[in-house]
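The values are calculated or read from the model by the stated rules, or taken from the named source; none is laboratory data. Computed from a prediction, not measured in an experiment: that's the story for all the values here. Every residue, glycine among them, receives a Cβ derived from its backbone with ideal geometry; neighbour counts consider all protein chains shown.
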Amino acid sequence: MKSYGLIGKKLAHSFSPAYFKEKFKTLGIEAGYQLFEIANVDEVKQIIHNQPELSGLNVTIPYKEDVLQIVDILDPVVKKVGSANTLKIERAGKEPAIKAYNTDVVAFENTLLPLIAGRNNLSALVLGTGGAAKAVAYVLGVLKIPFHFVSRKPLEKQLGYPELTEKIINNHHLIINTTPVGMFPKVNETPEIPYLHLRPDHILYDLIYNPEETLFLKKGREKGCVTVNGLRMLELQADAAWEIWNR
C-alpha cells in the first residue's frame, strides 16, 4: 500500500492526515498518511529508506529551506524560490530519487488573486523571512507587487518591526503573515505591527489556519480590514502535491 506523509518539527495538530484520509476515501483508494516529527532534516533520507512504500512527503516548518540539502532534483520553481514543501520519491533505480517541488506558490497565487482584483498600485509587507515567505515573495514578484520583508532580525533591505511607522503601514495595503506567531496553542501572540494604523482598505492575509481567526486577523477585522486565513491555501497546496505524486 502506498504511503505519504508530512515532515516537520511539531505536528500534533496538523491538518494534513485528516485531509488526505478524506481524499483517499473519496477517490476509493487504499493509502496511508503519516506524521514524521524530526529534529534534523538529515533524518528524511533514513525515513525514506526505512519505508519502501513511501511515495511522497509534504514539508512544513522549519524545514522548507533545509530540505533542499538532501534532495536529488529541484523543480525549476524551487530553484527560483529557494524553498520546497513537497517531495516526490521515485524508486526506479537502486537508490530512491527525491524530487523537490513548491506547491505553496500556486496555492498562494490562486488565493491572493481574488483578494486584489481591481486594486491598483498595491504594495505589500511580508512578515517573516522563512520558506513560506520565499514562496509569497516569488508570487508577489510575478504579479509585480512591490514588497518589503519584515523581520525580528532584519538584514539589508529588510524592515524591523520597530520601523513600521504610520506612513509605512499606510503605503502598504497588503500585509501577509508568514510566521508561526499566533498559531495554536500560542493563540494570544501576534506579530508586533502597529495595528492602530490599519484602515478598511488594508488586506491582512495570515498563512496560519489554526486557529481559524488569529489575533492578527482579529485586530485587522476590528479595523474593518479584509482578512483571510491560510486554510484554503493549505487545501490547494495539498491538492497540487497530490497531483505531483501521481504524475
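Brief remarks on what is shown
- The condition of being modelled with pLDDT of 95 or more and buried (at least 21 other Cβ atoms within 10 Å of the Cβ) holds for only one of Leu159, Leu164, that being Leu164.
- Matching residues in segment 23-63 - criterion: being assigned to a strand (DSSP E or B) and either among the acidic types (Asp, Glu) or touching a Pro at 6+ places or on another chain (Cβ under 7 Å) (or both): Tyr33, Leu35, Glu37
- Residue that is surrounded by the most Cβ atoms within 10 Å (Cβ to Cβ) [pool: residues in segment 204-221 that are in a helix (DSSP H, G or I) and out of contact with any helix residue (DSSP H, G or I) (no Cβ under 8 Å at 6 or more places or on another chain)]: Phe216
- In segment 64-80, the residues that are outside any helix (DSSP H, G or I) and over 19 Å from Gln46 (Cβ atoms): Lys64, Glu65, Ile73, Leu74, Asp75
- The set of residues in segment 199-228 that are more than 19 Å from Ala117 (Cβ to Cβ) and either among the β-branched types (Val, Ile, Thr) or under 18 Å from the mean Cα position of the chain (by Cα) (or both) comprises Asp206, Leu207, Ile208, Tyr209, Asn210, Pro211, Glu212, Glu213, Thr214, Phe216, Leu217.
- Qualifying residue in segment 11-21 (condition: in a strand (DSSP E or B), of a type in the set (Gly, Ala, Ser) and assigned by TED's automatic domain parsing to the domain that holds Thr86): no
- Condition check for Ile89: of a type in the set (A, V, I, L, M, F, W, C), in contact with a strand residue (DSSP E or B) (Cβ under 9 Å, 6 or more places away or on another chain) and under 21 Å from Asp239 (Cα atoms): yes
- The one condition in (1) within 18 Å of His172 (Cβ to Cβ); (2) crowded, with 23+ Cβ neighbours inside 10 Å that His148 fails to fulfil: (2)
- For segment 171-203, a residue qualifies if it is surrounded by 19 or more Cβ atoms within 10 Å (Cβ to Cβ), in a loop (DSSP other than H, G, I, E, B) and touching a Cys at 6+ places or on another chain (Cβ under 8 Å), and the qualifying residues are Leu198, His202.
- Applying the criterion of being basic (Lys, Arg) and assigned to a loop (DSSP other than H, G, I, E, B) to the residues of segment 87-146, the residue that is modelled with the highest pLDDT is Lys144.
- Under the condition of being within 23 Å of Ile116 (Cβ to Cβ) and of a type outside the set (A, V, I, L, M, F, W, C), the residues counted in segment 159-176 number 6.
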